[in-house]
1. Using each residue's phi in region B:23-38, evaluate 6.51 cos²θ - 1.76 cosθ + 1.60 at θ = phi - 60° and report the 3J(HN,Hα) Karplus result to the nearest Hz, with x for Gly and Pro.
2. How many percent of DSSP beta bridges within chain B run antiparallel, rounded to 5?
3. Got the relative contact order for chain B handy, in percent, Cα pairs under 8 Å and 6 or more residues apart?
4. Using all alpha carbons of the protein assembly as shown, what is the percent of pairwise distances in each 20 Å bin, ordered from the shortest bin to the longest?
5. If the viscosity is 0.692 mPa s and the temperature 37 °C, what translational diffusion coefficient in µm²/s does Stokes-Einstein give for region B:105-240 when Rh comes from Kirkwood over Cα pairs?
6. Under 5 Å between amide H atoms, partner at least 5 residues away or on a different chain: which partners does A:S59 have, H built in plane at 1.01 Å?
7. Using a/c under 1.5 as the rounded threshold, could you call region A:189-277 rounded, prolate or oblate? The axes a ≥ b ≥ c are square roots of the C-alpha gyration tensor eigenvalues, and prolate needs a/b larger than b/c, oblate otherwise.
8. Okay, helix-only estimate at 222 nm for chain C: each DSSP H run of n ≥ 4 adds -39500 (n - 2.57), divide by all residues, round to 500 deg cm²/dmol; what do you get?
Amino acid sequence: MALPRETQPGLAPVVLTMRRRTLADKEALLGRLMLAPALLYVIALVGVPFGLAVLLSFSSATSGSLDFSWVGLRNYATIIVDPQFQHALWNTLRFAIISQFLVIVLALTAAQVLDAAFAGKRVVRFLLLMPWAAPVALAAIGWTWIFDSTFSVINWTLRYFHLTKTWYYWFGDPTLAMVAIIIVHVWRMFPFATVITLAGMTSIPHEISEAAVVDGASFSRRFFQINLPLLTPIITVAVLFGVVFTSTDLGVVYLLTRGGPYNSTHVLASLAFQRGILGANLGQGAAVALFLLPVLVVVAILMLRTARRAEVGA
Amino acid sequence: MESMGYVETKNLQKHFGEVHAVDGIDLSIKEGELLVLLGPSGCGKTTLMRMIAGLETPTAGEIYIAGQLVDEDIPPRARGIAMVFQSYALYPHKTAYDNIAFPLEAIGMPRLTIRGRVQGAAKRFGIGQLLSRRPRQLSGGERQRVALSRAVVRDPRVFLFDEPLSNLDAQLRAIARHELKQFQRQIGTTTIYVTHDQVEAMGLGDRIAVMNKGKVRQIGTPQHIYDHPADTFVATFLGSPPMNLIERDVQTLLGFRPENFLPREVCAPEETATFRFRVRQVEYLGADRLLYGSLEEATRTDQTVIAELPATITVPIVEGEAYDFAVPRRALRLFDTGTGLSRADGVA
Amino acid sequence: MTARRAVRILKRIALYLAALAFTVFAVFPFYWMFLTTFKQNKDLYVGGTDLSHIPWIFNLRPTLEHVNLLFQQTLYLTWVRNTVLIGAAVVVITIVLAVPAGYSLARLSGRWGERLGIGIFLTYLVPPTLLFIPFSRVIAVFGLQNSVWALILVYPTFTVPFCTWLMMGFFRSIPRDIEEQAMIDGYSRLAVIRKVVLPLAVSGILTAVIFAFTQVMQDFVYALTFISSLDKMTVSLGVPVALVRGDVFYWGSLMAACLFTSIPIAVVYNLFIDRFIAGLTAGALKG
């Protein structure tokens, strides 16, 4: 059956010794060692500060002194009846919901456009993404110049095309200031949502849309009954990220309006900054910021659900 | 003391949660032998091989290579094995030369020696001129040769092959099978070869271990397993079309191979069992004819029986008609209906 | 037939118009930055009520006046240098932490890998807004107020979780066979990582590097909270905060700073956007 074992011509057989395993082979241990630094970092610099935020919110700590005295729920009691806080909370929700609604409408349309083949598609995509890629603080300062009280190019254009006769003081009027903030959020977030939606669209198998075309479904039916349901998980992801980014944003509000005029555009983030850092009342600032937590928890749960549902569907 | 095989497993088990992927396997592979592990997908053959390679830790049981116990403490790199994966697992960032040299670098061989060995191995598989290419610039067949060169270059104690031919197209596969066999005979390295393809198994194996549901159902030479299947699973898994199994009585199944089921008039003058065979459909396959039909006197007449007539038998067969067919008594097999196990042969 | 053709052409036109509209909306602020950067003051500061003066074009010869001012009389270049140094340090920390962690989660942590991975990813959702107040306390305790080290310490809180997740995805996409082959070919797990996995993950690591760096550029909150000296600021803080001190806005120089910082970042980011998206949507896009 088997011939006598012959060595390969001119080649001496390699002597093999069975080496015992070393640390480099111990997978479970190696796995823990490799994970530990990142895990410890995250625990130390996200977990611990997070716990500290909760603790601070129950204290009268100020940034000036290092003492820490427990005041229970007093900070919460103070802010919850504070009209400025109530307004900021309401603004946070309002900005997030309105801007995300607009973002989704724009993103779905833009993704439809980008999904079609046309010349210069890559350039268009690149340009569309610029608002998302540019550093937010710099983009915001660009917008303050666009909304300038004397030189606003938007006002000029509206008047030039006879769309309006009034001169808008964007940051002088509470409603206009909010519109401005929402415009900037939408401008910044829709490219991101578009690219995510586009990724979802390319993952829809071509056979499905082709089958729908063959079945004679109209464009609107195809869109609402086939594409939209299939895109729902991915759009959910885009919305959830959008909600997180908008509701926790400080840069846009701070740079555009600083919460003004008359504190009408404060959001939780900017109010927390004003009370906690500028006003040196760490406890109250922490309490304000922690009101973001329910939003984030809901987002996290929804995200996990989406991920799981997508897995089950796969 | 019994003589030990070159590779041995003792009551080897692997459980994934509730699933017993490998469920108590005792194997003994002789030095220089080519053993094929044959079975349907999910039968545990790949898990068994991966445990021998050290890529999977057994739940229970022991593995010996060259008389030495290889347990968790002996990592794959120290087992003196070479493996060829179904995907060939070539390193995409390395040239063919560097792929083949990689196992030698691991043992710190001098550069010049490495060059000699790589070139030697490449020459053996006829890929000497492809050594500077990267895997994606190679065809399927060439990749397979690079993988084989890499396996052989270190002069391992055991070869492990995990369906290495299944990514080749049908024509190339037959040639590759022949070459593989020849090469293994030549260098005489103990080889374990996993496949679900019975033709490959029959053609390659010195012995075949047929596996199902984590257990070895039968082990033996291809001829023996084909002629004397240990149970109905082996009987139907080997052979295409599979062995016919007819209910003879409540406890007994009667088995015979389609190629032994021939028109009575062409049967050799020996002791035969005769059946009335109603042909439902005839398939012409060039080299032979396949007849599908049922036995008129069988208890269950709806059971399909297949006859395979070589092209040399030209007896006219008409669909819908019944004919007298016969099986030589020596080709009849009996199985227990309940357990599926084979009974003493030929007592029909 | 011709009617159909007309419809097709109309559809085509609608498509281009839509693409144009979106592009204009996305890009006009940058165009406005560009104009502002190179316009002469006489061309720039014309009241918006003057409808005869079209602000969307150069009415006078472009000038480099504002650019010169930015580079010669402001701390812009110092801020750029600070940003690059902080960015580089954060990138190094991120890679050192996230690459091994990503591999561990992908290959060495068994069934816990998936859950821990999701857990780490979720910390990416804990925003600076929640953490800057406790951090201001921690930073004070360590005596790092007004130090770039504060930023280097804190920025990895948003780069490490995401990059770990990103790397986990990349490592999972490397065929297991190849790693197992290398282990059989004589290498320990650690050697396999060094000689096979890392060379194959170069593009993934590069993506993580770019992501970490652009995230550093995005931060405004932490820099605003921790840094007060002009010469220690990052671009994202210095430009909007320090260039507009005292209600005197040098809009030309300001926009020049925005433009010169945003464009390179946008270009680099664009090259890697598909990979970021793949990382973000790994869950929802499976199958």
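1. Going residue by residue, I get 10, x, 10, 10, 10, 9, 10, 6, 5, x, 7, 10, 9, 9, 9, 10 Hz, with x marking Gly and Pro.
2. Given both bridge residues lie in chain B, the antiparallel proportion sits at roughly 75 percent.
3. Taking the mean separation of contacting Cα pairs over the length of chain B, I get 16 percent.
4. Final binned percentages: 11, 31, 28, 19, 8, 1.
5. 196
6. A:V71
7. Prolate shape, in that a/c is at least 1.5 and a/b is the bigger ratio.
8. Dividing the helical sum by the residues of chain C leaves -22500 deg cm²/dmol.
Since every read-out is calculated from the coordinates, none of them should be taken as a lab result. Just so you know, these numbers come straight off a predicted model, no measurement behind them. Please note: Cβ atoms are built from the backbone with ideal geometry, for glycine as well, and neighbour counts cover all protein chains shown.
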